[in-house]
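These notes concern the structure reproduced below.
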Amino acid sequence: MNHREQACILVSAPNKTGEDFIRQLVMKKQPCAAIINNKEEMRRLESIGVRNFVMVKSAKEETWMVPNYEIGKVILFESSLNLCCRYIDMCRSWTTKPIYVITRTLNPRLVYKRLGATFVIHTHNEDISFLIDTTAADCSSSDKR
């Protein structure tokens, strides 16, 4: 299966760890897109190589349109409880693949799990490259919906 046929890995990257993760995806030529809610974030992520974006206004459900390409895994780097909850809520209907929440806080993981997150990873480590190997393996074996 070539990259054009693979589902896009959707990433919310509001912090350095998320940006580093996206850089690694781009470097490994993994199909990816960023979920964003403002143009400043778009410009910042364009500068590190992101070409596909899902622009939403998280407070307005009418902007939560299903992207016109297949969404695979979702990796959400938490910047706030509210925003992360909204992203989980909207992304859960876009994919049957796992949703990962990467957090440094002690926000209740059950909140994220109840909304549809498959995995909640608490870490203070900047290196989350293990997710890339997991993501690449899942992409190569992903089934079309």
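The values are calculated or read from the model by the stated rules, or taken from the named source; none is laboratory data. The model shown is predicted, which means the values in this text are computed figures rather than measured ones. Every residue, glycine among them, receives a Cβ derived from its backbone with ideal geometry; neighbour counts consider all protein chains shown.
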Got a sec? Which of Arg92, Arg109 is among the basic types (Lys, Arg) and at pLDDT below 85?
Arg109
Cβ-Cβ under 9 Å pairs, at least 6 apart or on other chains, the range 85-101 side more than 18 Å from Gln6 (Cβ to Cβ), far side outside any helix (DSSP H, G or I) and of a type in the set (Lys, Arg):
none
Matching residues, the range 39-49, being within 24 Å of Thr95 (Cα to Cα) and outside any helix (DSSP H, G or I):
Gly49
Just give me the residues in the range 103-118 being part of a helix (DSSP H, G or I) and surrounded by fewer than 17 Cβ atoms within 10 Å (Cβ to Cβ), in sequence order.
Arg109, Leu110, Val111, Lys113, Arg114
Could you grab me the full set of residues in the range 67-79 that are surrounded by 12 or more Cβ atoms within 10 Å (Cβ to Cβ) and out of contact with any helix residue (DSSP H, G or I) (no Cβ under 9 Å at 6 or more places or on another chain)?
Pro67, Tyr69, Glu70
Considering residues of the range 28-38 that are in contact (Cβ under 8 Å) with a residue 12 or more places away in the chain and not in a strand (DSSP E or B) only, the residue surrounded by the fewest Cβ atoms within 10 Å (Cβ to Cβ):
Lys29
Output the number of the condition that Ala59 fails; it satisfies all remaining conditions of (1) closer than 22 Å to Cys8 by Cβ; (2) part of a loop (DSSP other than H, G, I, E, B); (3) not polar (S, T, N, Q).
(1)
Selected residue (criterion: nearest to Tyr69 (Cα to Cα)) from residues of the range 1-15 that are touching a strand residue (DSSP E or B) at 6+ places or on another chain (Cβ under 9 Å) and outside any strand (DSSP E or B):
Ala7
